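*Asks:* My structure is below; once you've seen it, I'll send some questions.
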Amino acid sequence: MHIRILGPLQVTSAQGEAVGVGGARLRALLIRLALDAGARVSGEALADALWGDRGDAAPGDQANALQSLVSRLRRVLPEPGLVVSEPGGYRLTVEPERVDAARFERLADAGRRALGRGESAAAVGALREALALWRGPALADAGDAPYAAAAAARLAELRDAAVEDLAEAELTAGRPGAVLADLEALVAEHPLRERPRALLMRARYAAGRQAEALAGYEEYRALLAEELGTDPAPELRELHLSVLRADPALAPEPRPPAGNLRAALTSFVGREEELRLVGKRLAEARLVTLVGPGGAGKTRLATTAAAEQASDFPGGVWLVELASVGKPDDVPRAALDALGGHAQGILERRPPATPRDALDLLVDALSGARALLVLDNCEHLVDAAARLADQLLGRCPELRVLATSREPLGVFGEALSPVPPLRLPPPGARAAEAAASPAVRLLADRAAAVRPGFAVHDGNVAAVREICRRLDGLPLAIELAAARLRALDPEHLASRLDDRFRLLTGGSRTALPRHQTLRAVVAWSWELLPEAERRLAERLAVFAGGVTAESAEGVCGLPAGEALEALTSLADKSLLQLAEGGGESGPRFRMLETLREFGGERLAAAGLTREMRDAHAAYFLRLAETAEPHLRGPAQLIWLATLNVERDNLLAALHHAVAVRDADTAVRLVAALGLYWTMRGHHAEAAHWLRLALAVPGESPWVARTVARGLFVLNAGATGRPNEARPEAERLRAELARPDVDAGLLPLIGALQPALAMFDDRTVDGLRLSAAALDHPDPWTRAMLRLLRAAIRENDGDPGGVWEELGPAVAGFREAGDRWGLGMALTTLGELRRQRGELDEARAALTEALRLMSELRAESDIHQLRALLAVVRAEQGELDSVRQELMALAEEADRRGAGYRVGHLRLALGDLARRAGDTAEARKHFETAMRHVNRRTFVQPQLSALVRAGLAMVAMAENDPGAAGALLRPALEEAITAWDMPVAARVGVAVARLCEERGEPALAAETLGAAEALRGMPELGSRDATTLAVRLPAALGAESYAAALGRGRGLDRDAAINVLRAAAAGRDGELRRAAVGPDGEREEHREQAGRPQQGAGDGAGDRS
């Protein structure tokens, strides 16, 4: 997480997503903690910072108020554990470097120290980076918090000092024009400050504006006399005399730096961060090596960095190009030749006869003033380059060496500066966002050079993103691809990248042959490897998502204990990159896609592709089957993390099994992974992969196939396409019902039968089948059956039954150690408690569920829980902060294309706006939600029903009952079709309000009672129902209201549904006939209610 306080507060998650922090007090608390990030801040200090001496404005119990604020802050922050309690206080567990104020102070100090050493280029780099962090006044969002004024003043003073130091550095480097405007602004802001006055005089004089420099002095002298009755300091008076005398020392003629660097022919794009790192490394170490794969742009970065630092090296910056040097003994002579005229006098006196002579002459040439030697392309002569660097640095104390290589030189004191591929745009980025990424910037820049007018726009951005991704962000590959855009459109180029080595040729004619094509660059790296490492690199090409020592042993057959050393050696040579996802078992590596494709070609040429892909699939099948039982237990987090990081490898194994028609591997693999996909909420993905594997012809184990079939049905239903899975559900249900099948064989199969019953709304079947397995020996299965029963009873409008099931479900999941199941059970419990009006208990349950789902990183569940918690907090009165949080969540979901979440969040925002009486704002939110509902291929009908009900309430507030009725009729049908009685009841409350609006209070009361009958209890958390319960007795009289309400409450489910239908349609005359038959008895109208027909033996008629 990053926190920016040098300007308005900005918080971004580790994934770069904006985090909204609502409420002035909450922002002030976070800013105060950020000022001491990583350190404990006492409770007394925090209370004093927030309330100080405000008297009546301070809460009576500041400790409890602070604790409440901290709890709110924890809920807002993107990860758990970011604010921890410590004895006597709290600590923000963020590294200081991730807070811009701390980073600014470090960079400003580094720049000041570099300036003191006479390293003006390094000082400029650090100071400009420091000042770029400022976006406005420091602590702008701390408001009038008592601590803010002193802290902001201190940071502002440090900023002014940094501006002054930057001006000093630029003037030393001979660039007065770079700081004139900043100095003039600083003088205007602080007219009595002396140092900026002196710097401004020097800058004006150096820029050829002597008269202005003198006038500035006179203006300052007069100001001091008038304001303070004093004169300028002696140093400033001396400077004034020097300006009067036109002292040449004030504006020395800049001398071109010595060296042999050539001017660049193309712009330098996309390496700003790496450039700053190289400058920092050169300021701290005498030997810096840029390491990275071939084509990463090491040479360009090195020469650009050297040129920027040239003013710090009066002895010159010398580029030694080793790419064309073939023998180790020739390296010293190549360096001597690079010095050219700088060493000419020495060479004339004593021409070298041996490499040792050349080394001695180099020492003579580089032993004077401070110099920088750039050794470029060392990888094929790494030992010789290392010896040369070591000897020169040991004998030339003022020398710095900057080397480029695909592996480190391995010299003591060497500082490495990695040169990774260019950063890629985020998946799905639009043109503006994509064009800001370094990889796309480079492609666009080079393409415009060969195709004038080329630009990235929304029409081609998808292809541009794909080109950069497929080429791994490698600058050389991107530049070769850009050259092809002279004749090809981005879409055509992207479609041909499967044959990238044939396509990407035609580099610069002046480059060495191995830098002219992509294949030549990769082949050069390959051929530098020893034979055993080449064979290993080829085998590693089958890994699609990274490799560890353990997986390399399992797939490539490496001897135990040797894999890590072998992988590390390939990483040292830039054939592998360190990847995220390493853990206690050791580091993780990945191979760039371009290198994988080359290795795959080599593997195919050796005839080993099928053998290695079979070994890869077998290893990852074992991994998935090992992980599956642990996903339901206390080791869940460890194994979820393992499957997350191995996702690409697991899918590659599945693709291979499908391609070679290995049904056994394909079905076993998806059966083992189905629960993982379901836990992550990836239902569409799960349904796709399960369907793909089940379609492979051939034999597979019955248990694995049955689990896969069941998970396919459930995940397909969860994606809103139950009809696609219904035939499979019928076949599977019939198979599991056979007397020779033990349905409780495995935990997942034990829960499968009742889940299938719920899939088709067979309520009685689901409860009967689950009851028969409640004594299952596995605690997870028992808990899951209880949770399924709770879901069945919730949809059936049986809150008492839900309550009965949730207790054992929560206890069972705690016993099993399953955070996912426990989180789902607590979510249901929290919702039920909210409906019962138990807001504190609801908040506690939902807070625990959010913590559990955050540990699992179940993104969709996290967003749902944050929204549910916000609703509870709103009902507790925290309206402003809730509104801001929901808006931030909705905007984030919209950016990520999560239309379903946007719909739910806008629904909640619309309800809040209605509650506040802002009908126009409510309509805006509901209409936004409806647009997302209408554009989605899948939306739960429940969401659509609730949004329509919200719009209907707005229409009634706008005196348009006709529009409200037109919305409520389809809303009610959607809820009934989904057989979700709580949602039907919420729509029913809106129908009751419609009856009231039409002047039918008795029907409104009966409709309200019918809604309670569907829900199984009054919803105490519904403000609309509570409002009706106050107004209707006033309109009808208490006795008539109670009678009408009682009639509705006494209806069975189907009769209650028909009352709601008739009331929504406004057919009062048909209401009695729908509810009561000719003989006076209540009639069942199951089919008309939209409920699927049940079999004769399902006992459906017994329900009420």
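The values are calculated or read from the model by the stated rules, or taken from the named source; none is laboratory data. What you are looking at is a predicted structure, and each value in this text was computed from that prediction instead of being measured. Note that we place each Cβ from the backbone using ideal geometry, even for glycine, and neighbour counts take in every protein chain shown.
*Asks:* Could you list, in sequence order, all residues of the stretch 887-923 that are among the basic types (Lys, Arg) and assigned to a helix (DSSP H, G or I)? Break it down stepwise before answering.
*Replies:* Restricting attention to the stretch 887-923, the residues satisfying the condition of being among the basic types (Lys, Arg) are 895-896, 901, 906, 914-915, 923.
Passing the criteria: Arg895, Arg901, Arg906, Arg914, Arg915, Arg923.
*Asks:* Quick one: what pairs do we get from the stretch 83-105, first residue over 28 Å from Arg159 (Cα atoms), second of a type in the set (Gly, Ala, Ser), C-beta under 8 Å, 6+ apart or different chains?
*Replies:* If the second residue must be of a type in the set (Gly, Ala, Ser), the pairs left are Gly88/Ser42; Gly88/Gly43; Gly89/Ser42; Gly89/Gly43; Gly89/Ala45; Tyr90/Gly43.
*Asks:* Within the stretch 375-404, count every residue that is in contact with a Gly (Cβ under 9 Å, 6 or more places away or on another chain) and within 19 Å of Gly279 (Cα to Cα).
*Replies:* Of the residues in that region, 4 qualify.
*Asks:* Looking at (1) modelled with pLDDT under 85; (2) part of a strand (DSSP E or B), which is the only condition Gly125 fails?
*Replies:* Result: Gly125 fails condition (2) only.
*Asks:* Check whether at least one residue in the stretch 153-166 is buried (at least 22 other Cβ atoms within 10 Å of the Cβ), modelled with pLDDT of 85 or more, under 30 Å from Glu44 (Cα atoms) and outside the structural domain of Arg193 (by TED's automatic domain parsing), and report yes or no.
*Replies:* Within the stretch 153-166 (the criterion being buried (at least 22 other Cβ atoms within 10 Å of the Cβ), modelled with pLDDT of 85 or more, under 30 Å from Glu44 (Cα atoms) and outside the structural domain of Arg193 (by TED's automatic domain parsing)), the answer is no, since none of the residues qualifies.
*Asks:* Could you pull out the residue among Leu199, Leu224 that is in a helix (DSSP H, G or I), outside the structural domain of Ala108 (by TED's automatic domain parsing) and either under 44 Å from the mean Cα position of the chain (by Cα) or under 30 Å from Leu6 (Cα atoms) (or both)? Walk me through it before giving the result.
*Replies:* Details: Leu224 fails: either under 44 Å from the mean Cα position of the chain (by Cα) or under 30 Å from Leu6 (Cα atoms) (or both).
Result of the check over Leu199, Leu224: Leu199.
*Asks:* Restricting to the stretch 787-798, and then to whatever is within 35 Å of the chain's Cα centre (by Cα) and either closer than 16 Å to Arg819 by Cα or aliphatic (A, V, I, L, M) (or both), can you tell me which residue is surrounded by the fewest Cβ atoms within 10 Å (Cβ to Cβ)?
*Replies:* Going through the qualifying residues, I end up with Ala791.
*Asks:* Based on what the data block shows, is Leu223 free of Cβ contacts under 8 Å to residues at least 60 places away in the same chain and buried (at least 17 other Cβ atoms within 10 Å of the Cβ)? Step through it out loud before you land on a result.
*Replies:* On the way: free of Cβ contacts under 8 Å to residues at least 60 places away in the same chain: yes; buried (at least 17 other Cβ atoms within 10 Å of the Cβ): no.
In short, no.
*Asks:* Only residues that are basic (Lys, Arg) and part of a helix (DSSP H, G or I): list them for the stretch 156-196, please.
*Replies:* The first filter runs over the stretch 156-196 and keeps only residues basic (Lys, Arg), leaving 159, 175, 193, 195.
If the condition is that a residue be basic (Lys, Arg) and part of a helix (DSSP H, G or I), then Arg159, Arg195 are the ones that fit.
*Asks:* Do any residues in the stretch 844-873 that are modelled with pLDDT of 90 or more have Cβ atoms under 6 Å from those of residues that are assigned to a helix (DSSP H, G or I) and small (Gly, Ala, Ser), where the two are at least six apart or on different chains, and which pairs are they?
*Replies:* Pairs that qualify, where the first residue is modelled with pLDDT of 90 or more and the partner is assigned to a helix (DSSP H, G or I) and small (Gly, Ala, Ser), are Ala845/Gly830; Leu846/Gly830; Ala849/Gly823; Leu852/Gly823.
*Asks:* For the stretch 914-958, enumerate the residues that are closer than 17 Å to Arg1023 by Cα, surrounded by fewer than 21 Cβ atoms within 10 Å (Cβ to Cβ) and not assigned by TED's automatic domain parsing to the domain that holds Pro970.
*Replies:* Correct list: Arg915, Ala916, Gly917, Asp918, Thr919.
*Asks:* Then there is this: Are any residues in the stretch 446-482 among the hydrophobic types (A, V, I, L, M, F, W, C), part of a loop (DSSP other than H, G, I, E, B) and in contact (Cβ under 8 Å) with a residue 40 or more places away in the chain, and if so, which ones?
*Replies:* Passing the criteria: Leu471, Leu474.
*Asks:* Just to verify a result, which residue in the stretch 469-488, among those that are basic (Lys, Arg) and closer than 20 Å to Leu595 by Cα, is farthest from the chain's Cα centre (by Cα)? Walk me through how you get there before you give the answer.
*Replies:* Pass one, the stretch 469-488, residues basic (Lys, Arg): 469-470, 484, 486.
Retained after the next criterion (residues that are closer than 20 Å to Leu595 by Cα): 469-470.
Values: Arg469: 18, Arg470: 21 Å.
Across the stretch 469-488, the extreme among qualifying residues is Arg470.
*Asks:* Considering Gly270, Gly279, Gly294, which residue is of a type in the set (Gly, Ala, Ser), within 30 Å of Ala477 (Cα to Cα) and not in a loop (DSSP other than H, G, I, E, B)? Working first, answer last.
*Replies:* On the way: Gly270 fails: not in a loop (DSSP other than H, G, I, E, B); Gly294 fails: not in a loop (DSSP other than H, G, I, E, B).
Result: Gly279 is the single residue among Gly270, Gly279, Gly294 that is of a type in the set (Gly, Ala, Ser), within 30 Å of Ala477 (Cα to Cα) and not in a loop (DSSP other than H, G, I, E, B).
*Asks:* For the stretch 799-811, give me each residue that is under 20 Å from Gln636 (Cβ atoms) and either buried (at least 24 other Cβ atoms within 10 Å of the Cβ) or of a type in the set (Ser, Thr, Tyr) (or both).
*Replies:* Ala809
*Asks:* Another one. Taking the residues in the stretch 634-668 that are touching a helix residue (DSSP H, G or I) at 6+ places or on another chain (Cβ under 6 Å) and of a type in the set (Gly, Ala, Ser) as candidates, determine which candidate is nearest to Phe543 (Cα to Cα).
*Replies:* So, considering only residues that are touching a helix residue (DSSP H, G or I) at 6+ places or on another chain (Cβ under 6 Å) and of a type in the set (Gly, Ala, Ser), the one nearest to Phe543 (Cα to Cα) is Ala653.
*Asks:* For Thr928, which of the numbered conditions (1) farther than 26 Å from Asp861 by Cβ; (2) part of a helix (DSSP H, G or I) fails to hold?
*Replies:* If we test Thr928 against (1) farther than 26 Å from Asp861 by Cβ; (2) part of a helix (DSSP H, G or I), just (1) comes out false.
*Asks:* Moving on. With the checklist (1) out of contact with any Asp or Glu (no Cβ under 8 Å at 6 or more places or on another chain); (2) part of a loop (DSSP other than H, G, I, E, B) in hand, flag the one item Val658 doesn't pass.
*Replies:* Among (1) out of contact with any Asp or Glu (no Cβ under 8 Å at 6 or more places or on another chain); (2) part of a loop (DSSP other than H, G, I, E, B), the lone unmet condition for Val658 is (2).
*Asks:* Is there any pair with a first residue in the stretch 881-904 that is among the polar types (S, T, N, Q) and a second that is assigned to a helix (DSSP H, G or I) whose Cβ atoms are under 8 Å apart and which are 6 or more apart or on different chains, and what are they?
*Replies:* Pairs that qualify, where the first residue is among the polar types (S, T, N, Q) and the partner is assigned to a helix (DSSP H, G or I), are Ser881/Leu26; Ser881/Arg72; Ser881/Arg873.
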